[in-house]
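See below for the structure under consideration.
The values are calculated or read from the model by the stated rules, or taken from the named source; none is laboratory data. What you see is a predicted model, and the numbers here were worked out from it, not measured in a lab. Ideal geometry is used to build each Cβ from the backbone, glycine not excepted, and the neighbour counts take in all protein chains shown. In case anyone asks, the SASA skips ligands and DNA or RNA and just uses the protein heavy atoms, side chains included. Shrake-Rupley method; radii C 1.70, N 1.55, O 1.52, S 1.80 Å.
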Amino acid sequence: MPPESHLNDALLFAAVAVALVLIAVLVRAQQRYHMLAMLVVVAIGVSGLWLYEGHAAAMRTAAAALMAREAALALVAFAVIQIVVPFVFQTLLRRRKIPRIVTEFVVALSLIGYVIYRLYAVGVNLAGLITTSAVVSGALAFSAKETLGNLWGGIAIQLEKTCRIGDWVRLDTITGQVVSIRWRYMAIATINNETMIVPNGMVMQNRITVLGRRGEERTPWRRYVPFEVEFQHAPARVIAEVERSLAHAQIPHVSQTPHPSVACMGFKESGIEYHVAYDLTDASHYWWVDSQIRVHVYAALMRQGLGIPFPRRVLEVRRDERPHIAQREIEHRTAALATIDLFASLTDEERAALARQMTTSAYVADEIVVRAGEPADSLYLLAQGRVDVIAEDARHHRQKLATLRAPAYFGEGGLLLGQPRAATVIAIGDAVCYRLDKKGFDAIIQARPELAEMLAKALAERQAANDATLQALDAESRARQNVGRTKDLMRKIQSFFGIPA
């Protein structure tokens, strides 16, 4: 294309730009000052092309001439695009309130389109360039994933009008006003003169609360201010007095339709908690208005003699009863052991020593205490409640043999002889048992080997009585049977505890 053709085209575009800028100035468009600055850039670009036409032949190389021409054309194109696109979106379509980021996005696409057109115009093979740079382009796209996410997030926020510039929002712990939504981030200004820069991708991925807006309708921002009053004052009176005071208070930026209201929210450690609910018409004053609400609440409470509570803690000092509880438990076990005929031959000191070796076991209804056939080396003393003694045959048919009520004991064969459990014992309701195992009884019987004979005799008498009940034997037969059984049981006890015969 001849040089004068480039200059003519540039002059044509410059004339269009001048006309659009004049219209923007006449209608006082928001972007008119930016357009005037771009008009200066257009003038610089056109001047560059005019100089290029006059001195192109004097340039040493064709490459230098080409670079000078394209630089001047680029200035003109850049400035014209920066004038035309904002004029269309911000002036002609002003009533549609198209987001600024859309204008910037169209400007970027237009500039990319111009670059591609000029590369093609100067003879650059775009197909070869794209093919050879495919891997590089993929790597760049992957590395720019977060940036692209922020870009599309910003476009989505403005197109969907999730947040608008000027909205007051709460994002996590940040409360402030949206002052800018750009390609990469959203800027939120707080009342502390701080501007928080939040990436658009984070805004899209997290919950954001728009304050003072119900859907598309702008409404006052409902605020809650807590306070406490002493317990002795009736909530109904407190609510009435505070509401009456706030209804007559002329606090700026507080809506009077409806008037501020008070609600009882709970009972705290020091007093009753209340919340004042009011509608704030200007969110930028929320800190100051909250303070004014507290000032009027305090004045209302003081006028009516309604006290604000001081922090209270009730400190209860108790004696450590654990040693006494443990001692009483030992005494209970000792008394329970004294009721067992099996240990009637023991001294009080020996029963007290056994009591300290016992453990307390609690059971609930239908819980199995011991199961028939299990290995055993312990005795159970029933201290509270009742238990059923159940026998099972080979077919698992159950038959109740007896019901034991406290005080009673079972499992003596396991303690003295190490025999497997002969029956299953099941709790009837809640029950408490004291458990004594072989280890706890071993020290006493080792110190007094003669106890083996006494225990064998007591155990034989109990077994003989049980057999007599089952077989209906007379007294003489029971005595003969008891003599032989005592000797046999004594040998088994001595063997179980390792006592020399």
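If you plug the beta carbon distance of ASP282 and VAL314 into 1/(1 + (r/R0)^6) with R0 = 30 Å, you get a FRET efficiency near 0.10. Taking all protein chains as they are arranged and a probe of 1.4 Å, the heavy atoms of GLU450 leave approximately 90 Å² accessible to solvent. Ordered by 1.4 Å accessible area with all protein chains kept, ARG318, ARG386, ARG356 run largest first as ARG318, ARG356, ARG386. Heavy-atom accessible surface of TYR185, to the nearest 10 Å², is about 60 Å², with a 1.4 Å probe and all protein chains retained. Accessible surface comparison of THR360, THR424, probe 1.4 Å, protein chains only, largest first: the order is THR360, THR424. Accessible surface comparison of LYS457, LYS439, probe 1.4 Å, protein chains only, largest first: the order is LYS439, LYS457.
Counting only protein heavy atoms and using a 1.4 Å probe, the accessible area of THR173 comes to about 130 Å².
Listed by chain and number, the aspartates and glutamates placed with their C-alpha closer than 15 angstrom to that of LYS268 are GLU228, GLU230; residues fewer than eight positions away on the same chain are left out.
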